[in-house]
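Let me begin by presenting the structure, written as structure tokens, before commenting on it.
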Amino acid sequence: MNAVTPLHHTGPLRGSRLEALNRWVGQVAALTRPERIHWCDGSPEEYEALLARMQADGILLPLNQRTHPNCWLHRSDPDDVARVEHLTFVCTRDRDDAGPNNHWMAPAEAHAKIDALFEGCMRGRTLYVVPYCMGPIDSPLARCGVEITDSPYVVANMRIMTRMGAAALARIEREGAEAAARGERADTFVKGLHSLGELDPERRFIMHFPEELAIKSYGSGYGGNALLGKKCHALRIASWQARQEGWLAEHMLIVGIENPQGETHYIAAAFPSACGKTNLAMLIPPERYRAAGWRVWTVGDDICWMRPGEDGRLWAINPEAGFFGVAPGTSAKSNPNALATIARDTIFTNVAVTDDNQPWWEGLDDRVPALDWQGRPYDPDRGPAAHPNSRFTVSAKQCPTYSPHAEDPQGVPISAIVFGGRRASLVPLVFEARDWTHGVLVGAAMASETTAAAAGRTGVVRRDPMAMTPFCGYHFGDYFAHWLSFDVPGAKLPKIFHVNWFRKGEDGKFLWPGFGENLRVLEWIVERIEGRADGVDTPIGVLPRENDMDLDGVELSGEARSGLFACVREAWQAELAEIGEFLDGYGAHVPEALAVERQRVADALAG
Ligand code: GTP
Ligand code: SPV
Ligand code: MN
């Protein structure tokens, strides 16, 4: 590790050539009173030292190094295991800018409230300055930030999840100097301040100040609450910037589908948390498809930034450099690719362990774990051994199917956008929107059962437009208008689809096999783009009939065959009425074109 920079409360702190950054670090240090300040350079030596220190402090436990080289286990506080949407705020001057989809607080009040918590909170701790870049370091689409944190676990995760360290700092300094030369503010980077605090849920807030490009997070060390580059920056702040600058920051995976002719189509798909993004991004084709020459390339598994290129198409980058993926359900059968990715150099959080200290979770295999996620002897009466939101953090570079184009500075061109959620009933396997406006309605009308990724009840169906309910940094009505604004003359927009892998039968079991078999649906999507696949026009969009898709080798019950490929008018009429009520909740911000489109679909269903 670097020689730690001693803290001088008087005089400037050395660390960066960018005075605006030094000044902010100095202000934070004066507020939080850390014992030491460490500027992260992102080097392997620094990472090794950080791991060693965390091991010494018991923050990280080594896993079986023979089966899992350089893999570690972190057990979070049992009251700190998921995102906390009820404690997440968007603090804009005008409440109406945050919209009914966000909790809101006036910026001055929010700063006062959270700064009171930050006061002196780093006494005896090290303050880490973490410069990072979201997106390939040389990409014009990438954006930088600096996270200040007192959690070494957060630093280690940020090093895996972002381009963290000296190169990011150099870009921040260059952009700052360029802005200053134009007579603008030199602090162009997003400022994220994070402290574990006391890990007390009663003293926890995740606050966003999009007008100041600032984030303040206190009292949680978990995932999206604490790794500020991820949901806080790359979605909530970035969506705000994207609206101002004419691009999109979305909760989407990016995957390349290569057909036997060697042509690759890139698909961006928005599914809510724990609804299948990582799995789809890492899909392994069924055997027959593999033999025929189909290949799947992983670009990103959670976040997608895209903007129109000169050719009119949308070009996308994955702003992240790693995966913070859901462990439960990951197995050699469901996602062998993920298992290969996490075989080494991985941080596991809140998983169980076997008697020989290997990481374990429900769905992995039929071994019985020795210790549960809290380190207690496993007792099935206490619930699952691994926490349902237990996760792995791993570099994307370790993924065997990581796309050779994943780091292209200009991004990849998107051929299709796919929306989807967990819907046990009503929603068919796949349908295609008739045009962009209809597609935006389909996205805005998304709904899904809640999952363990956020604190609160699970399995409750809620509206989740574009899978962005917890992540859109501004008013949903304005967001829908922003989406519609991409439909301009000369635009070559992707086709929009909706999928549902989670339809259930009477027995409560999934009707569709999912995982690798989802490629059959992607094949239909790709062939629709190329104008080679058929479907049937219905009021909700174009649906494949069974024989429009390759279902060879898939066993489907009669119930599945009738459920997965049908639009049931009466049930959809009720759905459209509910969608109407939902949109009404966003009042005059909802673009007229979207309301008209909803009425058109409702009329078609009635007619
Ligand atoms: P976040 O990281 O929270 O954004 O989640 P995600 O959208 O990446 O979800 P992920 O791919 O991690 O999947 C979440 C859970 O859904 C896991 O337990 C998976 O095993 C399960 N899952 C994923 N794809 C499918 C599918 O096609 N069918 C079924 N039945 N389950 C799936
Ligand atoms: C999600 O909840 O969508 C995640 C996990 O990807 S977290 O980083 O905790 O937000
Ligand atoms: Mn996610």
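Selection of region 442-461 for residues being more than 18 Å from GLY224 (Cβ to Cβ), of a type outside the set (Val, Ile, Thr) and open to solvent by 10 Å² or more (accessible area, probe 1.4 Å) yields ALA445, GLU449, ARG457, GLY459.
When ALA170, ALA166, ALA179 are checked against the criterion of being more than 18 Å from TRP39 (Cα to Cα) and more than 22 Å from the chain's Cα centre (by Cα), a single residue qualifies: ALA179. Looking for something among the β-branched types (Val, Ile, Thr), part of a loop (DSSP other than H, G, I, E, B), more than 16 Å from ligand 3 (Cβ to nearest atom) and free of Cβ contacts under 8 Å to residues at least 60 places away in the same chain - is there at least one such residue anywhere in region 535-543? Within region 535-543, not a single residue is among the β-branched types (Val, Ile, Thr), part of a loop (DSSP other than H, G, I, E, B), more than 16 Å from ligand 3 (Cβ to nearest atom) and free of Cβ contacts under 8 Å to residues at least 60 places away in the same chain. In region 47-74, the qualifying residues are those that are surrounded by 21 or more Cβ atoms within 10 Å (Cβ to Cβ) and assigned to a loop (DSSP other than H, G, I, E, B), and the one that is farthest from the chain's Cα centre (by Cα) is LEU63. For beta carbons closer than 6 Å, sequence separation of 6+ or different chains, a first residue in region 63-90 that is aromatic (Phe, Trp, Tyr) and a second that is at pLDDT 95 or above, the qualifying pairs are TRP72/LEU60; TRP72/ILE347; PHE89/HIS103; PHE89/MET105; PHE89/MET207. In region 265-281, the residues that are assigned by TED's automatic domain parsing to the domain that holds LEU519 and at positive phi reach residues that are more than 6 Å from ligand 1 (Cβ to nearest atom) and open to solvent by 10 Å² or more (accessible area, probe 1.4 Å) with C-beta atoms within less than 6 angstrom, at least six apart or across chains, in these pairs: ALA274/THR451. Does LEU522 fit the bill of being in contact with a strand residue (DSSP E or B) (Cβ under 7 Å, 6 or more places away or on another chain) and in contact (Cβ under 8 Å) with a residue 24 or more places away in the chain? Considered against the rule, which asks whether it is in contact with a strand residue (DSSP E or B) (Cβ under 7 Å, 6 or more places away or on another chain) and in contact (Cβ under 8 Å) with a residue 24 or more places away in the chain, LEU522 comes out as yes. Of the residues in region 400-417, not one is within 20 Å of the chain's Cα centre (by Cα), more than 30 Å from ASP311 (Cα to Cα) and part of a loop (DSSP other than H, G, I, E, B).
Just one residue in the set GLY276, GLY325, GLY300 is more than 25 Å from GLU263 (Cα to Cα), within 16 Å of ligand 2 (Cβ to nearest atom) and of a type in the set (Gly, Ala, Ser); that residue is GLY325.
Please indicate, with yes or no, whether at least one residue in region 260-279 is within 19 Å of SER485 (Cα to Cα), modelled with pLDDT of 95 or more and polar (S, T, N, Q). No: zero hits. Across region 192-206, the number of residues qualifying as more than 16 Å from ligand 2 (Cβ to nearest atom) and surrounded by 23 or more Cβ atoms within 10 Å (Cβ to Cβ) comes to 2. Within region 421-429, is there a residue that is assigned by TED's automatic domain parsing to the domain that holds TYR266, under 16 Å from the mean Cα position of the chain (by Cα) and outside any loop (DSSP other than H, G, I, E, B)? No. Here ALA106 meets the list (1) touching a Ser or Thr at 6+ places or on another chain (Cβ under 6 Å); (2) without any contact (Cβ under 8 Å) to a residue 24 or more places away in the chain; (3) small (Gly, Ala, Ser) almost entirely, failing just condition (1).
The values are calculated or read from the model by the stated rules, or taken from the named source; none is laboratory data. This structure is a prediction, so every number in the text was calculated from the model and none was measured. Virtual Cβ from ideal backbone geometry, glycine too; neighbours counted across all protein chains shown. Accessible surface areas use protein heavy atoms only, side chains included; no ligands, DNA or RNA. Shrake-Rupley method; radii C 1.70, N 1.55, O 1.52, S 1.80 Å.
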